[in-house]
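Below: the structure, in structure tokens.
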Amino acid sequence: MCDRLRKVIAVKRWLVLGLICLQLLSSCSFTNSAIAAGKTLTVATEPTFPPFEFQSANGELQGFDIDLMNALASSAGFKVKYQNMPFAGMIPALQAQTVDAAVAAMAITAERVKTISFSRPYFKSGVAIATRTDNQSITNFDSLKNNIIGVQIGTTGALKAKSIPGAEIRTFNDSPLTLQALLNGNVDAVLNDRVVILYGIKSGNLRKLKLIGDLLTEEFYGIPTPKGSPSLQAINQGLATVCDISALV
Ligand code: ARG
């Protein structure tokens with residue numbers, strides 16, 4: 001009797017083990033099918049943020065982020081369909097899973113990781129100040145107090161601006177509008193990603209604008225996806241092959 005019972009228990013154990021293995025295998029093949037060659041991911045972007053994403057005169061998407069996304073996709077074996085949308089709409093779109101990912105110079109922040117999942121970092125950046133060349137009073141973060149500050153909605157620059165005592169904050173839908181407002185004298189300073197300010201001043205030939213001092217924040221860009229995204233593994237795999245993380249430190 002006892003022997004028979006033992007045998008029954010042993011058979012049951014094997015059955016349970018077998019079931020677990022089957023489940024593991026099927027979840028594996030789910031992950032693999034998510035990155036199967038030819039799959040197309042819908043990727044949000046906001047192409048008014050040169051040099052990371054912008055459009056050529058004939059509407060073609062260009063920039064560092066676009067090149068990076070295309071390269072990592074072809075390395076990981078999936079295709080990309082870009083969808084333009086306002087930067088502030090990306091996190092809601094990722095949460096609603098109407099897009100699979102975004103590539104938008106988006107910094108990995110503690111607040112954002114509560115609702116979305118980021119890839120590993122791919123670019124080190126930070127917020128800096130732009131002002132007009134004729135403004136002698138704005139020289140660092142402390143001197144921003146009681147000034148009118150222009151920011152793009154939903155950005156880390158907008159978040160940093162909230163900590164300026166007595167400042168009046170004016171929000172804009174995109175980054176070029178913030179620099180335009182600065183040129184027109186509608187704001188005294190702009191807080192935005194340093195590289196984007198520099199590129200704006202240089203490529204837009206905005207000689208009346210200048211970049212002030214050091215970075216106000218340290219941030220790392222990542223590629224955001226919905227929480228639990230089956231595509232994140234493929235994105236990270238692609239990133240690892242096209243981008244050397246040790247260059248970030
Ligand atoms: N790096 C900043 C952030 O994460 C600004 C990004 C804005 N990106 C854009 N495509 N407009 O908030």
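Read the figures in this text as sums done on the coordinates, not as results from a lab. Quantities reported herein were computed from a predicted structural model and do not represent experimental measurements. We place every Cβ from the backbone using ideal geometry, glycine too, and count neighbours over all the protein chains shown.
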Point to revise | Residues in segment 64-94 that a label on Thr115 would reach, taking backbone N under 16 Å of a point 7 Å out along Cα→Cβ | key: 86-94
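Using the Cα centre of segment 106-161 as the reference point, and only Cβ charges (+1 on K/R, -1 on D/E), how large is the resulting charge dipole? Debye, rounded to the nearest 20.
Working: 7 positive and 3 negative charges, 51 e Å.
Dipole about the Cα centre, nearest 20: 240 debye.
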Review point. How would you order 176-183, 104-111 from highest to lowest mean count of nearby Cβ atoms within 10 Å?
Key: 176-183, 104-111
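Order 229-235, 86-92, 140-146 from most to least packed using the mean count of other Cβ atoms within 10 Å. Write out the running numbers ahead of the final one.
Numbers: 229-235: 21.6, 86-92: 17.6, 140-146: 14.7.
So the order, starting with the most tightly packed, is 229-235, 86-92, 140-146.
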Check your understanding: Between Asn205 and Lys145, what is the FRET efficiency for a Förster distance of 35 Å, r being their Cβ-Cβ separation, to the nearest 0.05?
Key -> 0.70
Exercise for review: Just tell me which lysines come within less than 24 Å, Cα to Cα, of Lys227; anything on the same chain fewer than 8 places away is out.
Suggested key: Lys39, Lys79, Lys81, Lys114, Lys124
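Between Ser163 and Ala240, how high is the FRET efficiency from 1/(1 + (r/R0)^6) when r is the Cβ-Cβ distance and R₀ = 25 Å? Nearest 0.05. Let's see the in-between values first.
On the way: r = 35 Å, r/R0 = 1.41.
Step by step, r from the Cβ atoms, then E = 0.10.
Which net charge results when you count Lys and Arg as +1 and Asp and Glu as -1 among the other residues whose beta-carbon is under 15 Å from that of Ala189? Provide the component values of the computation, followed by the final result.
Numbers: positive: Arg132, Lys145, Lys160, Lys162, Arg170, Arg194, Lys208, Lys210; negative: Asp134, Asp142, Glu168, Asp188, Asp193, Asp214.
Overall, the nearby charge balance is +2.
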Exercise for review: About the Cα centre of segment 30-155, how large is the charge dipole given +1 on each Lys and Arg Cβ and -1 on each Asp and Glu Cβ? Please answer in debye to the nearest 20.
Suggested key: 320
Exercise for review: Compute the convex hull volume of the Cα atoms of segment 152-249, divide it by the residue count, and report the result per residue in Å³ as a whole number.
Suggested key: 149
Practice item. Specify which residue in the list Leu198, Leu177, Ser117 is farthest towards the positive end of the charge dipole of segment 65-201, using unit charges on the beta carbon of Lys, Arg (+1) and Asp, Glu (-1), about the Cα centre. Key: Ser117
Check your understanding: Could you state the number of Å between the C-alpha centres of segment 44-73 and segment 133-161?
Key -> 27
Exercise for review: Can you spot the lysines whose alpha carbon is less than 20 Å from Lys202's alpha carbon? Ignore those fewer than 8 places along the same chain.
Suggested key: Lys210
